[in-house]
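This report refers to the structure that appears directly beneath it.
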Amino acid sequence: MSKTVFVLNGPNLNMLGKREPGIYGGKTLTDVENDCIAAGRDLGFDVDFRQSNHEGDLIGWIHEAGEKAVGVAINAGAYTHTSIALHDAIKAISVPVVELHISNVHAREEFRHHSMIAPAVKGVICGFGTASYILALHALKSITA
Ligand code: DQA
């Protein structure tokens, strides 16, 4: 039986493909979702892929993942750098969470260097373009096997 993983996306990631393509690439979020579903199938995961521009939605989905999923991959977008509430939500569940970013946040503006959620997650993947999502699924596979 397949195990469910949640792949959660925060603000502005619905704009992928149009948004700063020199940084985030040309794929749309639907392309990334399809790539994640295909990679998940190979890894034995059912991928539940979601995006919201609202912090509270992400918090509710993290809580839901704690009941329904074996792991979470999250690109929290700019909330990464600001949200104590996301940090607390991740701490409130016992399934592993992998933080991911398309861009190498450490090679960008100073305000992107700090992650509020990094201390609460199992590990962080960043800088590999949209392949960061696939690498995060592999990371979840290695820690949930
Ligand atoms: C991002 C990096 C964040 O700093 C930014 O706010 C995003 C996307 C990334 O995937 O590279 O929205 O999380």
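The values are calculated or read from the model by the stated rules, or taken from the named source; none is laboratory data. Just so it is clear, the structure is predicted and the values come from calculations on it, not from any experiment. With ligands, DNA and RNA removed, areas are computed over all heavy atoms of the protein, side chains included. Shrake-Rupley method; radii C 1.70, N 1.55, O 1.52, S 1.80 Å.
Tabulated results
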| read-out | value |
| --- | --- |
| Proximal lysines relative to residue 3, as straight alpha-carbon distance under 22 Å, when same-chain residues fewer than 8 apart are discounted | 68, 91, 122, 141 |
| Partners for residue 27 among lysines (Cα-Cα distance below 21 Å; same-chain residues under 8 apart left out) | 18 |
| The chain - accessible surface per residue (Å², probe 1.4 Å) | 48 Å² |
| Computed over the chain: relative contact order in percent, which uses C-alpha pairs under 8 Å that are six or more apart | 27 percent |
| Cα-based radius of gyration of the chain once divided by 2.2 N^0.38 Å, which approximates compact folds | 0.95 |
| Contour excess over end-to-end distance, with Cα ends at residue 131 and residue 114 and 0.36 nm allotted per residue | 3.9 nm |
| Antiparallel %, DSSP beta bridges [both residues in segment 3-144], to 5 | 0 percent |
| Contour excess over end-to-end distance, with Cα ends at residue 64 and residue 28 and 0.36 nm allotted per residue | 10.4 nm |
| Carbon plus sulfur fraction of accessible area for the chain, probe 1.4 Å, in percent | 52 percent |
